[in-house]
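The values are calculated or read from the model by the stated rules, or taken from the named source; none is laboratory data. If you're wondering where the values come from, they're calculated on a predicted model, not measured in any experiment. Quick reminder, even Gly has a Cβ in these numbers, built from the backbone with ideal geometry, and neighbours come from all protein chains shown.
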């Protein structure tokens, strides 16, 4: 924590607004290439919708595969935003400040991406209006609110709305800042978006109260979203590997694990690409990695509980399923990779401060975590369905087709593309948070030791 | 009108496993009756074959003392069906006649019902169905051809139920036992498949279902199926109902 | 510039922290609180002592009378898990400063760690249960447990060992954080307290090396304690609850108990802190701030309880397979339905509505009421889980699921005496500990005063809180 150096406001403004006012040279080529990839992906999706789901590798009984895995994965990533912004805000963790914006953005964009998957994986996506909106009330056709698939859009829709508001409220001061530094159409854009932000005490108060209220309101939603996603699986008693009471907290803690790791990946990229070494500092990686150690270990505990109680029932089908998941080719390979990536490689490394403050290592370990967490979802969903049921005539396995892999890659390109596009118009590190943190931190002398300290209001 | 007729039928099937010889006539009859697309080699290999009723063969005992067993499995039309509450659009629901109904028009193809079904008797149309030119005119006009992207499954030949009920109503009488027969039960040469009304205490199936050999498949899911199985009687060995049930 | 700075909770009207109290005064005053005892203290201690003895006698008599019928021992099991929750969960509050660097928690740590001593009662009460727990293999068949292929009597051995280990780790945690205070007693106390202080302080003078070791020990024992707590909750609740009911498979169950244990522990600390503050006149050291922060924690844990409960409930209720239905019939709809409803209200609904108000969380008495309600709720919750679980006859233990739901088991006189006695004994032990060592950690109070400094900020007051690495 001792690497802090005083930064003056002019420097802070210039550096943090470089994405908007002084766009780096790599930006345009990168966004163009990503744009082309995104278009290719959308083309593939269009072909799939046109031809039918036969182009995927799905079969019977593996009716759900890579798309649902990826859906769960992206919903999981979206938990980064609220974890970092809301929880750390309410617990007043000072180190969260430079990270909040990026985390909230990740929430919004990954949710937008996640929503695509249940839509395109449906047999008749154009009829999904039946499903999400009860437009056909006149004929008495309602959505079935008993179905977890109705809870999903409700939960995710609420979460998306809340996150977008949360992002916007936190963006207001920076929009005002940008408005004052731009001309022409951009100035008009920021003028409209800034909603007359002038930075007077009343506005600051409202912005702060709004932020706290949204944080507190978002927390239950944050927990509920992934719980509800997990209930898509957990409530189904027919699939032995899914019907487990632990799924809700297990999924939530796993989502935090993968989401916070994704934030670490993003922070490293931001530090490298925009050269924000003064703002995204090793101490932030250090703090996030400490958090990740706790989260990952809790997650591992839940994983073991899930496995132990799977076998606990001593029901033959469930034991057969677990045996397949862990010991049969190719699931055993995936299972080992999953465990290595999600826990056994990164967490022991994070125990060392030298690793925690090494940005390159943090970047790669956080990517490992997300590979592992994607596999975790895959290993829950697919072996669960391709289980050896008592009916030998329906045994089948699953291999994702090229179309599915392309769409998976598309989703990553799409999120990156949105992020970069956003960075052209809005600062990725909140300026006001950054400045506030400069004001609210200080050093005190205790005896002969210089100790970092935080200023808190006393009423 | 008496209360008995108000109560309506509760359609169900009793499958006497002891009589099943595994001839697959039911499978073919169902395929032809219900406009099920042909199961080409490619479809079978990709695990996308559609067959509303299937006859599973399994072996009991070790070679060479092994015996082939057959069990026909179709939609169990569970009273407490796990596929129904999961459907977000009510495309599958339970009607007042004990049938598990699939509404093709409403289905959006989430395939959640198929995951919920422990008997794995629900089928998804991965492709638009096609038939060779030679079979152009063979389709049953009473049965909808299902487009791609929706689920389908055994309907207990609901079109036959409707046809016979209409006929009986127009003749001003109640349906007689045995008047409605599904395609599979008609085709079964050994009367292993018996279709009828469980609400009629005098029907054949009502009498059969109380046989001491009766069991239901996968009773641990508490699905209360409307398909009752009668256990295989083995002359060499006594096979209790419980033991047979633990197979499925 | 406004921000989400939240006031460090001083009572309205008092700006900034109270004047800094000299470290030496803190030591002398806090050590003085251990000496002597008021008449009220003695009266309460005697009453609790008599109740405790009655409880132990009742336990012995119940063993003589009913040791052949394990279905009658559910209330003792409920008491064991209740005590495990409170006395096991409370010390977790003691290690928060090490990890979260939160300043408010420092004065509270001692009273939290003291709960470890009451863990002795849990061990005593477990003894008959271990003797009654059916072996893994009965009538040649192995029942469902977490001990898949382990030797017979594994749960008996490991659960007992785990609980004893938890007790000793808790005591080690207590002792490692108490060494500087024994030194204070050596320096400021008289009589046997001084002699014992001298012995137990083990030459503490406060060198850098000693402080480093101290912090390392607290961190180590704290981490270890948490892991053991999770593990013991896992063992005790599955071996003495879940595995006694055929077909009950609930993966979240151990975690549910761990969360609930933290909730009960924090509630216990709040009640104890309230009593200590009020009757030992520690208003100068225990600020409303501590209650306020504990309140937020308690509120969060209360919400987590209902989340964990619901996560498990919905999977059974929605899944409605045969085992799911049987489990719900046993635990929620069946013999203990009214206890379940009452427990649900007291562990979650009522505290939720009490603690949701910031005004209540920022008050001492309001927090004490909320916490007391939670403690009663936790007890009822344990009763509704463990009494029906134990009431399943052991000849049904191998079935695939419960086909016949047993009837309600009402507590007999023994049960009531045992429960009253067990809880009294736990309270008595904590009370007596306050005569042995200051109920607030002297060095942590000193540190608390050292690290938080009232400052003038712009036109207002603020607090500067140091966060040492």
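In the stretch B:96-105, the count of residues that are touching a helix residue (DSSP H, G or I) at 6+ places or on another chain (Cβ under 9 Å), over 10 Å from residue B:152 (Cα atoms) and at the interface with chain A (Cβ under 8 Å from one of its Cβ atoms) is zero. Among (1) outside any loop (DSSP other than H, G, I, E, B); (2) without any contact (Cβ under 8 Å) to a residue 60 or more places away in the chain; (3) within 30 Å of residue B:80 (Cβ to Cβ), which single condition is residue A:326 missing? Against the list (1) outside any loop (DSSP other than H, G, I, E, B); (2) without any contact (Cβ under 8 Å) to a residue 60 or more places away in the chain; (3) within 30 Å of residue B:80 (Cβ to Cβ), residue A:326 comes up short only on (3).
Scanning the stretch A:390-411 for residues that are assigned to a helix (DSSP H, G or I) and within 16 Å of residue A:120 (Cα to Cα) yields A:402, A:403, A:404, A:405, A:406, A:407, A:408, A:409, A:410, A:411.
Would a scan of the stretch B:86-93 turn up a residue that is closer than 22 Å to residue A:119 by Cα, part of a helix (DSSP H, G or I), modelled with pLDDT of 90 or more and over 20 Å from the mean Cα position of the chain (by Cα)? Within the stretch B:86-93 (the criterion being closer than 22 Å to residue A:119 by Cα, part of a helix (DSSP H, G or I), modelled with pLDDT of 90 or more and over 20 Å from the mean Cα position of the chain (by Cα)), the answer is yes, since at least one residue qualifies.
Just one residue in the set A:230, A:224, A:244 is at the interface with chain C (Cβ under 10 Å from one of its Cβ atoms), within 17 Å of the chain's Cα centre (by Cα), touching a residue at least 12 places away in the same chain (Cβ under 8 Å) and under 27 Å from residue A:319 (Cβ atoms); that residue is A:230. Across the stretch C:115-148, the number of residues qualifying as touching a helix residue (DSSP H, G or I) at 6+ places or on another chain (Cβ under 9 Å) and at positive phi comes to 1.
Condition check for residue C:369 on (1) crowded, with 17+ Cβ neighbours inside 10 Å; (2) in contact (Cβ under 8 Å) with a residue 24 or more places away in the chain: one failure, at (2).
For the stretch B:141-155, does any single residue satisfy the condition of being closer than 17 Å to residue B:14 by Cβ and either in contact with a strand residue (DSSP E or B) (Cβ under 6 Å, 6 or more places away or on another chain) or not in a loop (DSSP other than H, G, I, E, B) (or both)? So far as the stretch B:141-155 goes, no, none of its residues is closer than 17 Å to residue B:14 by Cβ and either in contact with a strand residue (DSSP E or B) (Cβ under 6 Å, 6 or more places away or on another chain) or not in a loop (DSSP other than H, G, I, E, B) (or both). Given the structure, is residue A:433 part of a helix (DSSP H, G or I), within 14 Å of another protein chain (Cβ to nearest Cβ) and closer than 25 Å to residue A:258 by Cα? Answer is yes for this residue. Filtering the stretch B:47-59 to residues that are within 7 Å of chain A (Cβ to nearest Cβ), assigned to a loop (DSSP other than H, G, I, E, B) and free of Cβ contacts under 8 Å to residues at least 24 places away in the same chain leaves only B:47. If a residue has to be farther than 17 Å from residue B:74 by Cα and part of a helix (DSSP H, G or I) to count, how many in the stretch B:210-220 make the cut? Residues that pass the stated criteria total 1. Residues that are crowded, with 16+ Cβ neighbours inside 10 Å and part of a helix (DSSP H, G or I) are absent from the stretch B:4-17 altogether. Restricting attention to the stretch C:317-356 and to residues that are over 29 Å from residue B:83 (Cβ atoms) and in a loop (DSSP other than H, G, I, E, B), the residue that is farthest from the other protein chains (Cβ to nearest Cβ) turns out to be C:335.
If you filter the stretch B:60-73 down to residues that are surrounded by fewer than 20 Cβ atoms within 10 Å (Cβ to Cβ) and assigned to a strand (DSSP E or B), you find that the one that is nearest to the chain's Cα centre (by Cα) is B:70.
Just give me the residues in the stretch B:74-83 being part of a loop (DSSP other than H, G, I, E, B) and facing chain A (nearest Cβ under 10 Å), in sequence order. Correct list: B:82 only.
The condition (being closer than 30 Å to residue B:113 by Cβ, in a helix (DSSP H, G or I), more than 10 Å from chain C (Cβ to nearest Cβ) and touching a residue at least 40 places away in the same chain (Cβ under 8 Å)) is satisfied by just one residue among A:289, A:255: A:255.
Are any residues in the stretch A:294-316 touching a helix residue (DSSP H, G or I) at 6+ places or on another chain (Cβ under 7 Å) and either under 17 Å from residue A:96 (Cβ atoms) or more than 11 Å from every other protein chain (Cβ to nearest Cβ) (or both), and if so, which ones? Across the stretch A:294-316, the qualifying residues are A:295, A:296, A:299, A:300. For the stretch B:84-94, the criterion of being away from every other protein chain (no Cβ under 14 Å) and in contact with a helix residue (DSSP H, G or I) (Cβ under 7 Å, 6 or more places away or on another chain) is satisfied by no residue at all.
Taking the conditions (1) buried (at least 17 other Cβ atoms within 10 Å of the Cβ); (2) on the phi > 0 side of the Ramachandran plot; (3) away from chain A (no Cβ under 14 Å) in turn, residue B:191 satisfies each one other than (1).
Residue A:325 meets all of the listed conditions (1) surrounded by 18 or more Cβ atoms within 10 Å (Cβ to Cβ); (2) farther than 19 Å from residue A:237 by Cβ; (3) away from chain C (no Cβ under 14 Å) but one, namely (2).
Within the stretch B:213-225, residues that are touching a residue at least 60 places away in the same chain (Cβ under 8 Å) and more than 12 Å from chain C (Cβ to nearest Cβ) sit with their Cβ atoms under 6 Å from residues that are assigned to a loop (DSSP other than H, G, I, E, B) and surrounded by fewer than 21 Cβ atoms within 10 Å (Cβ to Cβ), at 6+ positions apart or across chains, in these pairs: B:217/B:248; B:225/B:216. Per the listing A:296, A:268, A:320, the residue uniquely in contact (Cβ under 8 Å) with a residue 12 or more places away in the chain and either within 29 Å of residue C:307 (Cβ to Cβ) or touching a strand residue (DSSP E or B) at 6+ places or on another chain (Cβ under 8 Å) (or both) is A:296.
Determine if the stretch A:78-100 includes at least one residue that is within 14 Å of chain B (Cβ to nearest Cβ) and either at pLDDT below 90 or not in a helix (DSSP H, G or I) (or both). Checked against the condition, which is being within 14 Å of chain B (Cβ to nearest Cβ) and either at pLDDT below 90 or not in a helix (DSSP H, G or I) (or both), the stretch A:78-100 yields no hits at all. Criterion first (touching a helix residue (DSSP H, G or I) at 6+ places or on another chain (Cβ under 9 Å), touching a residue at least 12 places away in the same chain (Cβ under 8 Å) and within 14 Å of another protein chain (Cβ to nearest Cβ)) does residue A:359 satisfy it? Here the answer is no, as residue A:359 does not meet what is asked. From the list C:380, C:301, C:355, C:294, the lone residue that is modelled with pLDDT of 95 or more, under 24 Å from residue C:275 (Cβ atoms) and buried (at least 21 other Cβ atoms within 10 Å of the Cβ) is C:380. Screening C:296, C:277 for residues that are within 20 Å of the chain's Cα centre (by Cα) and more than 13 Å from every other protein chain (Cβ to nearest Cβ) leaves exactly one candidate, C:277.
Yes or no, residue by residue, for (1) assigned to a helix (DSSP H, G or I); (2) farther than 30 Å from residue A:225 by Cα:
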position	(1), (2)
A:160	yes, no
A:173	yes, no
A:185	yes, yes
A:188	yes, yes
A:199	no, yes
A:206	yes, no
